[in-house]
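Asks: One structure coming up, written as structure tokens, with questions to follow.
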Amino acid sequence: MQRILYEISESFRIAFAQIRANKMRSVLTALGVIIGIVAVTLMGTAINGIDRGFQNSLAMLGDDVLYVQKWPWGPVEDWWNYQNRPIIRPEQADRLNQIIEDTPGSLLEVAAPVAGRGASVKAGANQINGVTVFGTTGNYARMMSADFKDGRLFNDAEAAGGRQVCVLGFDVAEALFPAVSPLDQTVLIRGQPFTVIGVLAKQGSFLGLFSFDSQVIMPLNAYRKYFGLSTNSAQLRVKVRDKNRMDEAKEELIGAMRRVRGQLPGERDNFSINQQQAFREQLEPVKSGIALAGLFITGLSLFVGAIGIMNITFVSVKERTKEIGTRKALGARRRTILLQFLIEAVSICLIGGAVGLSLTFGLCLLLQATMPSLPVVFSFNLVIVSMIVAVATGIVSGFAPAWGASRLDPVVALRYE
Amino acid sequence: MTPPPAPAVARTVRPPGPLVIEIEGVTKLYKMGSETIHALLGVALKIHRNEYLAIMGPSGSGKSTLMNMLGCLDTPTAGRYEFNGKHVAAMSDDELAEIRNKEIGFVFQTFNLLPRSTALANVELPLIYAGYAAHERRARAIEALENVGLGNRMHHKPNELSGGQRQRVAIARALVNRPSIILADEPTGNLDSRTGVEIMELFEQLYDQGNTMIVVTHEEDIARHARRIVRLRDGLIESDRPAGD
């Protein structure tokens, strides 16, 4: 036991002496590993970032909200079945709330109708296009995942009366009122004046598809007056009391909705219940596919680095054949020689790994500073994992040459010139 | 350059101690492509502690093969080899490494020092493989270097030392683990004759200190320092008698 420790420390001493003695060669070899580690760890930060963005996006949907819609989330084959479903009317939310109230011990808390479409919003000289305008009721406040930066949502009275008030998403507020507080200011939507009563905090974009910050929320009755109700966009959002019992809640909601929509027993549901979970199940394989493909491709560059290590270790063994013979004559066992060359390979990889990791860290800081929208997340786990990867690379690539060295016949090795 | 005359002084001959090496009927075959080369054809040899032995023979006589065998660098194809009563022929590579480390001190013609290590580190090497702690390694390496007269050159690297000094470092390295035998292969082959004489004087001194010396050489002048000369020819022992006869 004692002896193997001395052998290992001796091996590290030799390895560093060797690296110092062959600076150029070691730097070039390490460069291969550095590039590989930078590629893999950058990919790792990107995957971390994508994952975090994914989690954030899903959180925006709310993990305790069920969406009643005409269409399910995700692909359908017999689209005409869905197309022919009767639209979901906002009034159905009131009937649904009535049923929820009448059901003792209901798992559902409250429902709110939501209808929305794109529009332009103007304030003075400023105008922004492509804002999503939502109409909903006061109940919406109970299932919102966004926080308010300022102000509040309209109350039930304002909603019922169709008052021309609105809540601005963060980006909308920033763009229209860069200098002043938007509260109590007037914005023009479809040419109609609306008073700003609230501003939402920044939420970010949903999977990079659309921004939750580029929205305006107004009372549904005001929305209907100026936008009408398009055939597809109406939906009901239903908050569930206990998110650990989503499946039961969903069953209850299906029953309630069938009553609301007057469906006969045996008839197929003419609505879909969507939830965050369905999204997650659909996107999870996409996400892991991206991660796997990314790691595989960047792993190839690490593989090239590993080949460089293997090559240099073969050269090192060849050059020092006589030294190996001498060491064996002086009592080095196979294990000793194996360790010596393995540790040499691992040392180069460790140095390469440390340099690569620092480069990645620097690049991440740079990226975050210059392009904050890019999803890069540098984590401590990444440090551990990449160091393990570096050591494993050294062991895997150094093993064949080191094994060959340990098996050399001392007589042949001593005679080698 | 004329070789210096052999020392005229009366030399000590120490009485032989217990048996260290006993080989009997040792043969060694090498396969070179389709040909089989018989390097040793049944050699028998006994070496006792306190002997000073020279192994001589022209190239191709099997001298090197015998040396490799004695040094436990190689095992015989057939025959018996006992080292301090242990059967070497059947040993694994690692067991042989252990014997080489503890029982045999090698001195090579080309010194075989590690070029980037100091004299001290070179001498410490066998002690690392033997598992000694750092402070003990250091103390014993210093002692061995002082014994060969290099107490003041310990921190020099081989390229900062003369040929004779390099060979002294190698000898210190051979001695440091207090082996049963010192096995020297043409120890003066890469040295000028004056330095060669110095090294042979050092060998004499080591012999007097109680070491068992085996020198493999093809030079009569070197062999003359030994107390017993074994001559090989064509894979067989041609003669085995005290030096001077």
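Asks: Consider just the alpha-carbon atoms of chain B and return their Rg together with their Dmax, both in angstrom.
Replies: Using the Cα atoms of chain B, the pair Rg, Dmax is 17.8, 54 Å.
Asks: What whole-number distance in Å separates the alpha-carbon centres of region A:353-417 and region A:38-86?
Replies: 36
Asks: What is the average number of partner chain Cβ atoms found within 10 Å of a Cβ in B:97-105?
Replies: 4
Asks: Post the alpha-carbon centroid distance, region A:94-160 to region B:166-245, in whole angstrom.
Replies: With region A:94-160 and region B:166-245 each reduced to a Cα centre, they are spaced 101 Å.
Asks: For peptide A:328-341, what's the mean number of Cβ atoms from other chains within 10 Å of each residue's Cβ?
Replies: 6
Asks: For the protein assembly as shown, what is the percent of antiparallel DSSP beta bridges, rounded to the nearest 5?
Replies: Of the beta bridges lying entirely in the protein assembly as shown, close to 70 percent run antiparallel.
Asks: In whole Hz, what ³J(HN,Hα) sequence does region B:45-53 give by Karplus (6.51, -1.76, 1.60; θ = phi - 60°), x for Gly and Pro?
Replies: Here the 3J(HN,Hα) series is 7, 10, 10, 9, 4, 6, 8, 10, 10 Hz.
Asks: Same structure again: Within region A:243-338, report the GluC sites (Glu not before Pro) that DSSP leaves as loop and that have at most 16 other Cβ atoms within 10 Å.
Replies: Working: sites: A:Glu248, A:Glu251, A:Glu252, A:Glu267, A:Glu281, A:Glu319, A:Glu323; in loops: A:Glu267.
Those satisfying the criteria are A:Glu267.
Asks: With a/c under 1.5 counting as rounded, go ahead and sort region A:40-107 into rounded, prolate or oblate using the C-alpha gyration tensor (a ≥ b ≥ c being the square roots of the eigenvalues; past the cut-off, prolate if a/b is larger than b/c, else oblate).
Replies: oblate
Asks: Then there's this: Report the rotationally averaged projected area of the protein assembly as shown based on its alpha-carbon convex hull, in square nanometres.
Replies: 47.1
Asks: In addition: For peptide B:122-130, how many partner chain Cβ atoms fall within 10 Å of a residue's Cβ, on average?
Replies: For peptide B:122-130, the averaged partner shielding equals 5.
Asks: Could you give the radius of gyration (one decimal) and Dmax (whole number) of the Cα atoms in region A:86-270, in Å?
Replies: In order Rg, Dmax, the Cα atoms of region A:86-270 give 17.5, 59 Å.
Asks: Then there's this: Per 0.36 nm of contour for each residue apart, how much would the distance between A:Leu300 and A:Trp73 grow if the chain were fully extended, relative to their Cα-Cα spacing?
Replies: Gain on stretching A:Leu300 to A:Trp73: 78.1 nm.
Asks: Can you tell me what the convex hull of the Cα atoms of region A:278-375 projects to on average, as an area in nm²?
Replies: 9.6
Asks: Another question, if that's okay. Can you tell me the convex hull volume per residue for region A:8-69, based on C-alpha atoms, in Å³ to the nearest whole number?
Replies: It is 124 Å³ per residue.
Asks: Hey, can you grab everything whose amide H is under 5 Å from the amide H of A:Arg320? Only 5+ residues off in sequence or another chain; H modelled, so Pro and N-termini drop out.
Replies: Amide H to amide H, under 5 Å and 5 or more residues apart or across chains, A:Arg320 pairs with nothing.
Asks: Divide, for region B:84-179, the radius of gyration over alpha carbons by 2.2 N^0.38 Å, where N is the residue count.
Replies: Working it through for region B:84-179, the quotient is 1.10.
Asks: Now for a separate question. Hey, can you grab everything whose amide H is under 5 Å from the amide H of A:Asn274? Only 5+ residues off in sequence or another chain; H modelled, so Pro and N-termini drop out.
Replies: Under 5 Å from the amide H of A:Asn274 lie the amide H atoms of A:Tyr67, A:Val68, A:Gln69, each far enough along the sequence or on another chain.
Asks: What list of ³J(HN,Hα) values in whole Hz, one per residue of region A:109-114 in order, does the Karplus curve 6.51 cos²θ - 1.76 cosθ + 1.60 (θ = phi - 60°) give from phi, with Gly and Pro shown as x?
Replies: Per-residue couplings from phi come out as 9, 7, 10, 9, x, 9 Hz.
Asks: Once amide H atoms are placed 1.01 Å from N in the peptide plane, what residues at a sequence separation of 5 or more from B:Gly105, or on another chain, have their amide H within under 5 Å of its amide H?
Replies: B:Ile181, B:Ile182, B:Leu183
Asks: Counting only other residues whose beta carbon sits under 11 Å from that of A:Val165, what net charge do I get with K and R as +1, D and E as -1?
Replies: On the way: positive: A:Arg152, A:Arg163; negative: A:Glu158, A:Asp184.
Charge balance in the 11 Å sphere: 0.
Asks: Another question about this same structure. At 1.4 Å probe size, with every protein chain present, just tell me what the per residue accessible area of the protein assembly as shown comes to in Å².
Replies: Here the per-residue accessible area is 46 Å².
Asks: Taking Rh as the Kirkwood radius computed over C-alpha pairs, what is the Stokes-Einstein D of region B:131-223 at 37 °C in a medium of viscosity 0.692 mPa s, expressed in µm² per second?
Replies: It diffuses with D of about 237 µm²/s by this estimate.
Asks: Among DSSP beta bridges lying fully in region A:86-270, give the percent that are antiparallel, nearest 5. Numbers along the way, then the final one.
Replies: On the way: 27 of 36 bridges.
Percent antiparallel among DSSP bridges in region A:86-270 is about 75.
Asks: Related question: On a straight-distance basis, which lysines could pair with A:Lys225 in a cross-link, Cα separation under 27 angstrom, same-chain partners fewer than 8 positions away excluded?
Replies: In chain and number order, the partners are A:Lys70, A:Lys122, A:Lys239.
Asks: I would also like to ask the following. Give the angle, between 0 and 90 degrees and rounded to the nearest 10, that separates the Cα long axis of helix A:276-319 from the longest principal axis of the Cα atoms of chain A.
Replies: So the helix axis and the longest Cα principal axis differ by about 10 degrees.
Asks: In Å and whole numbers, how far do the C-alpha atoms of region B:169-245 stretch along each principal axis, longest first?
Replies: On the principal axes, region B:169-245 reaches 34, 29, 22 Å in Cα extent.
Asks: Applying the Karplus parametrisation 6.51 cos²θ - 1.76 cosθ + 1.60 with θ = phi - 60° to the phi angles of region B:116-123, what ³J(HN,Hα) value in whole Hz is obtained for each residue in order, glycine and proline being reported as x?
Replies: 9, 10, 5, 3, 4, 5, 4, 6
Asks: Counting Lys and Arg as +1 and Asp and Glu as -1, what is the net charge of the other residues whose Cβ lies under 13 Å from the Cβ of A:Thr45? Each step should come with its number before you reach the end.
Replies: Values: positive: A:Arg52; negative: A:Asp51.
Charge balance near A:Thr45 sits at 0.
The values are calculated or read from the model by the stated rules, or taken from the named source; none is laboratory data. The shown structure was predicted, so the numbers you read here are calculated from the model rather than taken from an experiment. Cβ coordinates were reconstructed from backbone atoms using ideal geometry, including for glycine residues, and neighbour counts include every protein chain displayed. Areas reflect the complete protein model, heavy atoms only, side chains present, ligands, DNA and RNA absent. Shrake-Rupley method; radii C 1.70, N 1.55, O 1.52, S 1.80 Å.
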